[in-house]
Amino acid sequence: MKLSVKNMVYIALLAAITIVATFINLTIPVGGAGGALVHFGTAVAAISILVFGKRTGTIASTLGMSLFDLFGGWAVWLPGTFLARLMFGWILGFFAYNKDGRLRSKRYQALGIILGGVVMSFIYYIWEVFLYHQPIVALGSIPANVLQFVFALVIAIPVSIVLNSNNQIKKY
């Protein structure tokens, strides 16, 4: 896989924005990890994919979320986050883009966010069970994970419509 310098810059900037958006969070006291995070990082991840493309957006959001875990005090979650966010991006990209690389309808974009979010939530559930060996307690974190992709659904599609409307971003 070859990336242009321009795409590498996009990835670095989008990963940084994802980290910042993830640090804007609320910890909900559920699950076995001392709480589940609700943040805007998933919305930024979806926006990145819908505006900058499935490859660039997925790499950036997976990198950003993983670095958040590493530097934000959640390092034990890094492998689970890496897989969960990689799958979220891949699924969203699969549904949101045609084979020729053009965005599909908002309905497909929404379907990608929802299905990607369900898979992401499942991966986080499995990772929490692996870490804490408490499958019933781990069920408590699923609503917070669902809230993540609902935020992404509500925020990402309208924002991406605006950002994609005049192609100003892609000119640079």
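Go through (1) within 16 Å of Val38 (Cα to Cα); (2) without any contact (Cβ under 8 Å) to a residue 40 or more places away in the chain one by one and return the number of the condition Ala138 breaks.
If we test Ala138 against (1) within 16 Å of Val38 (Cα to Cα); (2) without any contact (Cβ under 8 Å) to a residue 40 or more places away in the chain, just (2) comes out false.
Does Ala152 satisfy the condition of being among the small types (Gly, Ala, Ser), part of a helix (DSSP H, G or I), surrounded by fewer than 20 Cβ atoms within 10 Å (Cβ to Cβ) and within 17 Å of the chain's Cα centre (by Cα)?
For Ala152, the condition - among the small types (Gly, Ala, Ser), part of a helix (DSSP H, G or I), surrounded by fewer than 20 Cβ atoms within 10 Å (Cβ to Cβ) and within 17 Å of the chain's Cα centre (by Cα) - is not met.
Can you pull out every residue in the stretch 131-148 that is aliphatic (A, V, I, L, M), surrounded by fewer than 19 Cβ atoms within 10 Å (Cβ to Cβ) and over 18 Å from the mean Cα position of the chain (by Cα)?
Leu131, Ile136, Val137, Leu139
What's the total number of residues in the stretch 44-82 that are surrounded by fewer than 22 Cβ atoms within 10 Å (Cβ to Cβ), in contact (Cβ under 8 Å) with a residue 40 or more places away in the chain and under 16 Å from Met120 (Cα atoms)?
Final tally of qualifying residues: 3.
If a residue has to be of a type outside the set (A, V, I, L, M), farther than 14 Å from Phe40 by Cα and in contact with a helix residue (DSSP H, G or I) (Cβ under 6 Å, 6 or more places away or on another chain) to count, how many in the stretch 107-140 make the cut?
Of the residues in that region, 10 qualify.
Could you look through the stretch 119-130, keep only residues that are surrounded by fewer than 16 Cβ atoms within 10 Å (Cβ to Cβ) and either under 14 Å from Ile142 (Cα atoms) or of a type in the set (A, V, I, L, M) (or both), and pick out the one that is farthest from the chain's Cα centre (by Cα)?
Taking the candidates together, the pick is Ile126.
Of these, Gly112, Gly116, which one is crowded, with 20+ Cβ neighbours inside 10 Å, free of Cβ contacts under 8 Å to residues at least 24 places away in the same chain and assigned to a helix (DSSP H, G or I)?
Gly112
Each value in this text was obtained by applying a stated rule to the coordinates, not by laboratory testing. Worth saying up front: this structure is predicted, and the values here are computed from it rather than measured. Every residue, glycine among them, receives a Cβ derived from its backbone with ideal geometry; neighbour counts consider all protein chains shown.
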